[in-house]
Amino acid sequence: MMSWIDRLLDFVMPRFCPICGRRLAANESQLCSSCLLGLPYTGFLERPYDNLVVDRLYGKIRNFERGASLFYYMYDDRRNFLFDLKYHDRPEMGLWLGQEAGRQMLRTGFLDGIDAIIPVPLAPSRLRQRGYNQSELLAQGISEITGVPVLTHVARRTTFTQSQTHLSTEQRFENVKNAFLLVDADAIRHRHVLIVDDVVTTGATTTALASQLSTAGDVRVSVFSLAIVKQHHR
């Protein structure tokens, strides 16, 4: 329930849905109910061993368990709230989307047996530029709902690689091959961890991080991304 202060602030500084532009109701957070229902949900959390994420990562990650994405990636600029999250200073969107994902994970049992959540690290220069790590915000939102702890100290990004956007699949994997370093193996050895990323395209970034985590020994890896690109054409 919103407090009277929240309602007053909502009246003085109205909030608007970033997709359709309609004013949000008092009980709506980041998106209006209509747009939220109309998002391209994948349904992967219902079948975490048989979906596009699994197809894209299977055979590339050692001791890979399961995977899911909440949405299909949207290229329509008017509906692409993921672009807002990454580039338009919307950290509250990341936390809220993580909470939404966490609720669905509880409902489907996706996190059963998972010991910790590891968000994909950002390079320090990119973190300073953006002010936050969108994958970490997603992970924090999931943790707030599910209680599974987030570990941000286990691995770090060692290099600021060039943007993956215009690279081929092979170039993407080469670009991030040595981008991460495991710094606390003891924290994840003999455990089942969930890597959280914002978008999976080819799976190159996730695979590179998982490769480093696996060097800790006896680590099982599952993957969740907020969105997945249906088909990478390059």
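Things worth noting here:
- FRET efficiency, 1/(1 + (r/R0)^6) with R0 22 Å, evaluated for residue 92 and residue 41 via beta carbons: 0.55
- The 3J(HN,Hα) values that the Karplus relation (6.51, -1.76, 1.60; θ = phi - 60°) gives for the stretch 134-148 are, in residue order, 4, 5, 5, 5, 4, 4, 4, x, 4, 5, 4, 7, 9, x, 6 Hz. Gly and Pro appear as x.
- Shown here is the pair-distance distribution of the stretch 20-59: with all Cα-Cα distances grouped in 10 Å bins from zero up to the longest one, the shares run 25, 30, 23, 19, 2 percent.
- Pairwise FRET efficiency - residue 62 versus residue 125, Cβ, R0 = 30 Å, nearest 0.05: 0.50
- Note on residue 158 and residue 15: with the Förster distance fixed at 35 Å, the Cβ-Cβ geometry gives a FRET efficiency of about 0.35.
- Nonlocal amide H pairs with residue 195, under 5 Å, H built at 1.01 Å: 118, 222, 223, 224
- Amide N of the stretch 20-60 lying under 12 Å from the label point, which is placed 7 angstrom from the Cα of residue 230 along Cα→Cβ: 40-42
- Annotation: amide H of residue 15 within the under-5 Å range of 24, sequence separation 5 or more or interchain, hydrogens built in the peptide plane.
Where a number appears in this text, it was derived from the coordinates with a stated rule and is not lab data. It should be emphasised that the depicted structure is a prediction, and the values quoted were computed from it without experimental measurement. Cβ coordinates were reconstructed from backbone atoms using ideal geometry, including for glycine residues, and neighbour counts include every protein chain displayed.
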